[in-house]
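*Asks:* Let me give you the structure first, and then I'll get to my questions.
A short reminder: the numbers here are calculations on the coordinates, not readings from a lab. What you are looking at is a predicted structure, and each value in this text was computed from that prediction instead of being measured. For neighbour counting, all protein chains shown are included, and Cβ atoms are generated from backbone atoms with ideal geometry for every residue, glycine included.
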Amino acid sequence: MKIVCLVKEVPDSEAKITVENGKIKETGVKFIVNPYDEYGIEEALKIKEAGGEHQVFILTFGTERAKKVMESAMALGADEGFLVADGSAPDCDSHTTAKVLAAALNKIGFDMIFCGKQAIDDDSSQVGVRVAEMLSLGHASVVNKFELTDGKVKVERQIQGGQEVIEMPVPCVITCQKGLNDPRYPSLKNIMAVKKKPRTVFTLDDIGLSADDVGVNGSFVEVTKFEPPLEKAPGRVIEGEPEDTAKELIRSLREEAKVI
Amino acid sequence: MVDFNLNDEHNMLRDAIRDFAENEIAPIAEQLDEKEEFSLELVAKMSDMNLFGLTIPEEYGGSGMDYLAYIIAVEELARVDGSTAATVAAGNSLGLGPVYYFGNEEQKKEWLPKLCSGKVLGSFGLTEANAGSDAGGTLTVAVQDGDDWIINGSKIFITNGSSEITGFAITQAITGKRDDGKKEYTCFLIPHGTPGFTTKTMHGKMMWRSSNTAELYFEDCRVPNSSILGKRGDGFKQMLSTLDKGRLSIAAMGLGGAQGAYELALKYSQERVQFGKKICKFQANAFKLADMATEIEAARWLLYRACWLHDNDLPFQKEAAMSKLYCSEVMSRVVNHAVQIHGGYGLMREYNIERFYRDQKLLEIGEGTSEVQKIVISRYIGC
Ligand SMILES: Cc1cc2nc3c(=O)[nH]c(=O)nc-3n(C[C@H](O)[C@H](O)[C@H](O)COP(=O)(O)OP(=O)(O)OC[C@H]3O[C@@H](n4cnc5c(N)ncnc54)[C@H](O)[C@@H]3O)c2cc1C
């Protein structure tokens, strides 16, 4: 089986994000493999290690810079890496991102597709399912248990008040939730092996798309501006006798915080 | 042009080990220290990441990385825990190193794959009760008896010397007199389980409490001629060369430990409020932190350059001794200020900085004291 893991480059959750002129400032920010995507890679590697003829591929859509993240994902033990590199990537909405990934998937071939349930930067949680729909594949999202037997996938996902069990044939798309498995750390041997493995960079042209299909042109959604969350002001302790403090509390809730 | 960029592998390795150390070591480090527990479970996890045999070629089961990669790995472990870094540094520099550099093909084939898998650790026994800085003062003797040698003597403070998975000790012994009348030293690779060879774990250490340290005893211990590491009479040279490289890994522990202690102090000073202000805003503390950051940066590039010299087959011995001296003394100053910044809390077990403060002291003593490094450096500069 060709098992393809979709991997997004995201800012490190510990990175200090600053906004300048409505755009996120990226200098000094470290970029990592989207943590939810690691569950997908782990599941793919487990399938491979259980035996049989399987290959694990990493597929990333991003700018040139995302090559590093694709390689980091490969360092977990994948066999091959693919990057669709285009400067428009940050301006693509979920629909367009899925369109690009689906075109690349058609180009490289697939028998099974894993991705994270969401990316930790834009939290849109749509790409995996959209890819499946575009490729007319079955899909299950937010999966926390996965089994593959005789070409059939059995997954579980948490729903209100219980677990939902879904069975479907491969190929299909699974979006992975925390708890699905315990992603490994890259071993040093696998780190050393990355540059010896095939790594392909596609242009849009390579996968049959053009500049009109992507970025602001190809997207339904346009991000007009980013704003940092308001900085939390330090708390204030109102001191004094209960009668006075209660009065002062009500006054400040009414006049300063304007919540009552 | 000078290029200070690390390569992609170095960066990936640093990220991977930092992640591992923060998630797998940090949560248990204090407990292991408190209980003086050498964790086989942790060794197994580190083996899965190939932390043993980093610089050994793949044909022997290693990862074939350069020395700088190894040093970054030790640095990142030491940033979180000194004992764990010690297990890895000794495993590589003192267990694997001598076998790879000096062992004959048979010894390499037998031991390197096991050592690289992390299933077996090797130890390196040079120090004796009466031969510390003066390693030539060894009293352990080996007497030839037909095709065998009979070894008598003892060693002290041997890292990884008595763990459940230690497979052998490399031991220096006097094997006679050279033509010039000086003592002849030879190293033997003595497997655990050889009759007459026993070990005893040393307890009650102030530092590296979860690293394994042992005394080794040889009483009429009979080993075959084939257990000589490399050639008879090469012992002293082998030991010196092992220590030259080992200094880089002790330096890495100083660098990583200093980095970890500095980060703890910085974070604490940004949270602790006195006189209505975060204490990092007081110039007395801010200047300490600025000094720490500066010295760490200097230490890092001194050490990395020493590794670069080694990796480019250039003479690196002087720079290795300088790195060992400087990095361990930088860490000494950093932990001192870092505890000061923590105030009373810095003296409590509950705060990690307390462990860093204790673990640091070994670095100015082990694998050649600071004074011995100065002797080495002064010889290189022509004193
Ligand atoms: C936790 C731990 C792990 C260790 N692991 C190992 C190991 O794996 N293998 C191994 O072989 N050894 C190991 N050692 C031993 C270590 O290398 C020695 O402790 C060290 O070399 C110093 O020797 P010593 O303790 O005998 O001190 P001494 O040599 O007695 O030195 C005492 C003091 O005198 C100073 N001094 C001595 N000679 C001179 C001189 N000529 N000029 C100026 N000052 C001098 C020293 O610098 C020191 O301050 C370990 C030690 C410890 C504590």
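*Asks:* Roughly what % of DSSP beta bridges within the range B:52-198 run antiparallel, to the nearest 5?
*Replies:* 70
*Asks:* Now for a different question. Sum -39500 (n - 2.57) across every DSSP H segment of at least 4 residues in chain B, then divide by the residue count to get the 222 nm mean residue ellipticity, nearest 500.
*Replies:* -16000 deg cm²/dmol
*Asks:* Ignoring the sites themselves, what is the longest stretch of chain A with no GluC sites (Glu not before Pro) in a DSSP loop and at most 11 other beta-carbon atoms within 10 Å?
*Replies:* Here the longest segment lacking exposed loop sites spans A:54-221.
*Asks:* Got a sec? Charge dipole of the range B:1-126, +1 on Cβ for Lys and Arg, -1 for Asp and Glu; which of B:38, B:78, B:104 is way out at the positive end?
*Replies:* My answer, from the dipole projection, is B:104.
*Asks:* For chain A, give the share of DSSP beta bridges that are antiparallel, in percent and rounded to the nearest 5; count only bridges with both residues there.
*Replies:* Among the beta bridges of chain A, antiparallel pairing accounts for roughly 45 percent.
*Asks:* Compute the Cα gyration tensor for the range B:8-121, then decide on rounded, prolate or oblate, letting a ≥ b ≥ c be the square roots of its eigenvalues: rounded whenever a/c is under 1.5, prolate when a/b is larger than b/c in the other cases, and oblate in all that remain.
*Replies:* Note, shape of the range B:8-121 comes out oblate.
*Asks:* Sticking with this one: At what distance in angstrom do the alpha carbon centres of the range A:242-256 and the range B:1-58 lie from each other?
*Replies:* 54
*Asks:* Which of rounded, prolate or oblate describes the range B:252-383 when judged by the alpha-carbon gyration tensor and an a/c cut-off of 1.5?
*Replies:* Taking the square roots of the gyration eigenvalues as a ≥ b ≥ c, the range B:252-383 is prolate.
*Asks:* Something else: Where does helix B:352-363 land angle-wise versus the long Cα axis of chain B, in degrees 0 to 90, nearest 10?
*Replies:* Value to nearest ten degrees: 40.
*Asks:* Can you tell me how much longer the chain between residue A:14 and residue A:241 gets when fully stretched, taken as 0.36 nm per residue apart minus their C-alpha distance, in nm with one decimal?
*Replies:* 77.5 nm
*Asks:* Turning to a different aspect of this structure: Quick one: go through the range A:71-113 and flag any residue whose amide nitrogen is under 12 Å from the point 7 Å out along the Cα-to-Cβ line of residue A:197.
*Replies:* So the set is A:71-82.
*Asks:* Here is a further query. Starting from the Cα of residue A:211, move 7 Å in the Cα-to-Cβ direction to define the label point; list residues of the range A:83-100 whose amide nitrogen is under 17 Å from there.
*Replies:* Taking a point 7 Å out along Cα→Cβ of residue A:211, the residues of the range A:83-100 whose backbone N falls under 17 Å are A:85-92.
*Asks:* Could I ask something else about it? Give a quick list of chymotrypsin sites (Phe, Trp or Tyr not before Pro) in the range B:208-307 that DSSP marks as loop, anything other than H, G, I, E or B, with at most 10 other Cβ atoms within 10 Å.
*Replies:* Those that pass, being in a loop and sparsely packed, are B:275.
*Asks:* Please return the longest stretch of chain A lacking exposed loop sites, where trypsin sites (Lys or Arg not before Pro) count only if DSSP places them in a loop and at most 14 other Cβ atoms lie within 10 Å.
*Replies:* A:31-177
*Asks:* Please identify the longest segment of chain B free of exposed trypsin sites (Lys or Arg not before Pro), where exposed means a DSSP state other than H, G, I, E or B and no more than 11 other Cβ atoms within 10 Å.
*Replies:* B:1-177
*Asks:* Then there's this: Rounded to two decimal places and with Rh computed the Kirkwood way over Cα pairs, what is Rg over Rh for the range B:63-143?
*Replies:* 1.03
*Asks:* Taking the Cα centre as origin and putting +1 on Lys and Arg beta-carbons and -1 on Asp and Glu beta-carbons, what dipole magnitude results for the range B:179-311, to the nearest 20 debye?
*Replies:* Once rounded to the nearest 20, the dipole reads 580 debye.
*Asks:* Taking Cα centroids, how far is the range A:57-122 from the range B:164-203 in Å?
*Replies:* Using only Cα atoms, the two centres lie 55 Å from each other.
*Asks:* Give me the dipole magnitude in Debye, nearest 20, for the protein assembly as shown about the Cα centre, with unit charges on the beta carbon: positive for Lys and Arg, negative for Asp and Glu.
*Replies:* 1200
*Asks:* Okay, next question. Taking the Cα centre of chain B as origin, work out the dipole magnitude from +1 charges on Lys and Arg Cβ and -1 charges on Asp and Glu Cβ, in debye rounded to 20.
*Replies:* Using only the charged Cβ atoms, the result is roughly 1080 debye.
*Asks:* Please give the net charge around residue B:94, taking every other residue with its beta carbon less than 13 angstrom from that of residue B:94, where Lys and Arg add +1 and Asp and Glu add -1.
*Replies:* +1
*Asks:* Have a look at A:89, A:39, B:89 and report the one farthest towards the positive end of the charge dipole of the protein assembly as shown, computed about the Cα centre with Cβ charges (Lys/Arg +1, Asp/Glu -1).
*Replies:* Positive-end residue among those listed: B:89.
*Asks:* State the Cα centre-to-centre distance between the range A:210-224 and the range B:329-352 in whole Å.
*Replies:* That distance is 54 Å.
*Asks:* Report the antiparallel proportion of the DSSP beta bridges in the protein assembly as shown as a percent, rounded to a multiple of 5.
*Replies:* Rounded to the nearest five, the antiparallel share is 60 percent.
*Asks:* Once you sort the root eigenvalues of the Cα gyration tensor of the range A:2-218 as a ≥ b ≥ c, which label holds: rounded (a/c under 1.5), prolate (a/b larger than b/c) or oblate (the other case)?
*Replies:* rounded
*Asks:* Using only Cα atoms, tell me the angle between helix B:317-342 and the longest principal axis of chain B; keep it within 0 to 90° and round to the nearest 10.
*Replies:* Roughly 40 degrees, rounded to the nearest 10.
*Asks:* If you don't mind, another one. By how many degrees, between 0 and 90 and to the nearest 10, does the Cα long axis of helix B:283-311 differ from the longest principal axis of chain B?
*Replies:* Approximately 30 degrees, to the nearest ten.
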